[in-house]
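A.B. asks: Would you mind keeping the following structure in view while I ask a few things?
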Amino acid sequence: MYGIPFYGRFSSYYFLYYALLGVLVPYWALFLQLRGFNAAEIGMLLAIPHLTKLGAPNLWGWLADKTGQRLRIIRLGNFVAALVFPFVFMSYGFWSMVLVLVGFSFFWNAVMAQCEALVLETLGSQSHKYSLVRLWGSIGFVVTVLVLGFLIEYQGAVVVAWAMAILLFVLWLASMWLPAISSTASDTITNKQAASFWQVFRHLSVLAFFISGLLMQLSHGPYYAFYTLHLNALGVPSQWIGVLWSFGVIAEIVLFVFMSRLLLRFTIKQLLVASLLLTVIRWGIIGSGTTAMGLLLFAQCLHAASFASYHASSMAWLHEFFPARLAGQGQAVYASFSLGAGWALGAVISGVLWEEWGVMVFNMAAGAALLAAVILYWFLPHSKNEAEKKLS
């Protein structure tokens, strides 16, 4: 599409990877419940993939950059994850299930950060077209959620584990189709002034970027954990709850289609800050407790800003400020610290405060997004050239 190299290979991989998430996120708890685990055990088992995400991407990112074997690590991670996961069919005890999920997620969490780096390296000067590849991940998620929901209705929750096992195997096959490219160091601030990743990481603008990413993800905690419960409490019919969730994903896909044009017209900093400010508006609308369907639909349309434009802009920033030899570690820190730790903190904080604060937790989320916007506005350079001047 639009001259993107290896478009079919990358888009297929993203479709399958996020299709797998479309099984894991909404439905995995149903299989665990079928196996007889109680609520506390299910909660701990659901947390395992997120906990391994805090460390695994960094280890694999360092290894990929050190060896230059990014594609081999992607394939290895997919292969071992596909090999380990089927042991869930033989795991009826809590600790045996813990071992399987730790083994599976440790390798599965290795692949996406490195795939993001591979895609951006392959795109090179066309990196602004990344969103046209990433949109297939959103499509894969939606398709799987819809199809698997239908299958569970008629076949029961056992199909969840089978769907995971099959998708992991097909994802490994898709990784064998990904292209191998030669990484060449880019002429960036990191090449000129830093000998290692940590010398890059300590710069104020880089720290500001990762901290703001953590705050942005933290602000989504109440949304992913309690949005449906909040709508139920407002008396919103279940069919409209489904419509509202769908609106968010549709807005995300539409934004991904047009994101390449926005990246050519505006600076990355402008897009990141604008995404955060629109996120403040989104959480503010939900936090007001409004029952006006028009406002709720508008808030869901802002998912295009709070996720799609922020994520695509973040990928562009990482590609611009980290050369190929450090790209894996840059992506890994973003995946583990900004996304992984941010998600975990958001879930924990919103869970602790929800019973007492209720919908007011969304106002806390708006405050986190606003703080992230302020940090980026003050500390993030407008461009790579500006960063070079500040660091020289």
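A.B. asks: Can you find even one residue in segment 35-52 that is aromatic (Phe, Trp, Tyr), at pLDDT 85 or above, under 25 Å from GLY342 (Cα atoms) and in the same structural domain as PHE107 (by TED's automatic domain parsing)? Walk me through it before giving the result.
C.D. replies: Step one: of segment 35-52, the residues aromatic (Phe, Trp, Tyr) are 37.
Cutting the leftovers down to at pLDDT 85 or above gives us 37.
Right, trim to under 25 Å from GLY342 (Cα atoms) and you get none.
The answer is no; no qualifying residue exists.
A.B. asks: Quick check on segment 177-188. Is at least one of its residues assigned to a helix (DSSP H, G or I) and either modelled with pLDDT under 90 or crowded, with 21+ Cβ neighbours inside 10 Å (or both)?
C.D. replies: First, the residues of segment 177-188 that are assigned to a helix (DSSP H, G or I): none.
The answer is no; no qualifying residue exists.
A.B. asks: In segment 112-143, which residue that is at pLDDT 85 or above and touching a Pro at 6+ places or on another chain (Cβ under 9 Å) is surrounded by the most Cβ atoms within 10 Å (Cβ to Cβ)?
C.D. replies: Restricting attention to segment 112-143, the residues satisfying the condition of being at pLDDT 85 or above are 112-123, 126, 128-143.
Right, trim to touching a Pro at 6+ places or on another chain (Cβ under 9 Å) and you get 112-114, 118, 122-123, 126.
Numbers: MET112: 23, ALA113: 30, GLN114: 27, LEU118: 28, THR122: 22, LEU123: 21, GLN126: 15.
It comes out as ALA113.
A.B. asks: Moving to a separate point now. Cβ-Cβ below 7 Å, separation at least six or inter-chain, first residue in segment 83-104 and over 17 Å from VAL159 (Cα atoms), second part of a loop (DSSP other than H, G, I, E, B): which pairs?
C.D. replies: Final answer for the pair search is PHE94/PHE37; MET97/SER91; VAL100/SER91.
A.B. asks: Taking GLY55 as the residue in question, decide whether it is farther than 21 Å from LEU120 by Cα, outside the structural domain of GLY340 (by TED's automatic domain parsing), surrounded by fewer than 17 Cβ atoms within 10 Å (Cβ to Cβ) and touching a residue at least 24 places away in the same chain (Cβ under 8 Å). Explain how you work it out, then say what you get.
C.D. replies: Numbers: farther than 21 Å from LEU120 by Cα: yes; outside the structural domain of GLY340 (by TED's automatic domain parsing): yes; surrounded by fewer than 17 Cβ atoms within 10 Å (Cβ to Cβ): yes; touching a residue at least 24 places away in the same chain (Cβ under 8 Å): yes.
Spelling it out, GLY55 is indeed farther than 21 Å from LEU120 by Cα, outside the structural domain of GLY340 (by TED's automatic domain parsing), surrounded by fewer than 17 Cβ atoms within 10 Å (Cβ to Cβ) and touching a residue at least 24 places away in the same chain (Cβ under 8 Å).
A.B. asks: Does LEU24 qualify as being modelled with pLDDT of 85 or more, touching a Leu at 6+ places or on another chain (Cβ under 7 Å), part of a helix (DSSP H, G or I) and of a type in the set (A, V, I, L, M)?
C.D. replies: Judged against the criteria, LEU24 is not a match.
A.B. asks: Name every residue in segment 253-272 that is under 14 Å from ALA316 (Cα atoms) and among the aliphatic types (A, V, I, L, M), in order of residue number.
C.D. replies: Of all residues in segment 253-272, those under 14 Å from ALA316 (Cα atoms) come to 256, 259-272.
Within segment 253-272, MET259, LEU262, LEU263, LEU264, ILE268, LEU271, LEU272 meet the criteria.
A.B. asks: Within segment 64-77, how many residues turn out to be within 20 Å of LEU171 (Cβ to Cβ) and in contact (Cβ under 8 Å) with a residue 24 or more places away in the chain? Step through it out loud before you land on a result.
C.D. replies: Residues of segment 64-77 within 20 Å of LEU171 (Cβ to Cβ): 64, 69-77.
Now drop any that are not in contact (Cβ under 8 Å) with a residue 24 or more places away in the chain, which leaves 64, 70-71, 73-77.
So the answer is 8.
A.B. asks: I'm trying to understand the selection: among the residues of segment 80-97, which are more than 27 Å from GLN329 (Cα to Cα) and of a type outside the set (Gly, Ala, Ser)? Write out each step before concluding.
C.D. replies: First, pick out the residues of segment 80-97 that are more than 27 Å from GLN329 (Cα to Cα): 86-97.
Listed by number, the residues that qualify are PRO86, PHE87, VAL88, PHE89, MET90, TYR92, PHE94, TRP95, MET97.
A.B. asks: Working carefully through the options LEU264, LEU295, LEU277, LEU272, find the one that is within 19 Å of GLY367 (Cα to Cα), surrounded by fewer than 24 Cβ atoms within 10 Å (Cβ to Cβ) and either in contact with a Gly (Cβ under 9 Å, 6 or more places away or on another chain) or among the hydrophobic types (A, V, I, L, M, F, W, C) (or both).
C.D. replies: Values: LEU264 fails: within 19 Å of GLY367 (Cα to Cα); LEU295 fails: within 19 Å of GLY367 (Cα to Cα); LEU272 fails: surrounded by fewer than 24 Cβ atoms within 10 Å (Cβ to Cβ).
Checking each option against the conditions leaves just LEU277.
A.B. asks: Go over the candidates GLY340, GLY284, GLY351, GLY289 one by one and state the one that is surrounded by 23 or more Cβ atoms within 10 Å (Cβ to Cβ) and out of contact with any Pro (no Cβ under 7 Å at 6 or more places or on another chain). Spell out the reasoning first.
C.D. replies: Working: GLY284 fails: surrounded by 23 or more Cβ atoms within 10 Å (Cβ to Cβ); GLY351 fails: surrounded by 23 or more Cβ atoms within 10 Å (Cβ to Cβ); GLY289 fails: surrounded by 23 or more Cβ atoms within 10 Å (Cβ to Cβ).
Unique residue meeting the criteria: GLY340.
A.B. asks: Now for a separate question. Residues in segment 120-135: is at least one part of a helix (DSSP H, G or I), in contact (Cβ under 8 Å) with a residue 40 or more places away in the chain and under 19 Å from TRP60 (Cα atoms)?
C.D. replies: Keep residues of segment 120-135 that are part of a helix (DSSP H, G or I), which gives 120-135.
Now drop any that are not in contact (Cβ under 8 Å) with a residue 40 or more places away in the chain, which leaves 120-123, 126-135.
Remaining after also requiring under 19 Å from TRP60 (Cα atoms): 120-121.
Checked against the condition, which is being part of a helix (DSSP H, G or I), in contact (Cβ under 8 Å) with a residue 40 or more places away in the chain and under 19 Å from TRP60 (Cα atoms), segment 120-135 yields at least one hit.
A.B. asks: Sticking with this one: If you take the residues of segment 289-328 that are in contact (Cβ under 8 Å) with a residue 60 or more places away in the chain and not in a helix (DSSP H, G or I), which of them is nearest to VAL236 (Cα to Cα)?
C.D. replies: Among those residues, the one meeting the criterion is GLY289.
A.B. asks: Checking the conditions here, which among LEU76, LEU83, LEU45 is surrounded by fewer than 16 Cβ atoms within 10 Å (Cβ to Cβ) and out of contact with any Asp or Glu (no Cβ under 7 Å at 6 or more places or on another chain)? Explain how you work it out, then say what you get.
C.D. replies: On the way: LEU76 fails: surrounded by fewer than 16 Cβ atoms within 10 Å (Cβ to Cβ); LEU45 fails: surrounded by fewer than 16 Cβ atoms within 10 Å (Cβ to Cβ).
The unique qualifying residue is LEU83.
The values are calculated or read from the model by the stated rules, or taken from the named source; none is laboratory data. As the structure is a computational prediction, the values presented were derived from the model and not from experiment. Cβ sites come from the backbone with ideal geometry, for glycine too, and all protein chains shown count toward neighbours.
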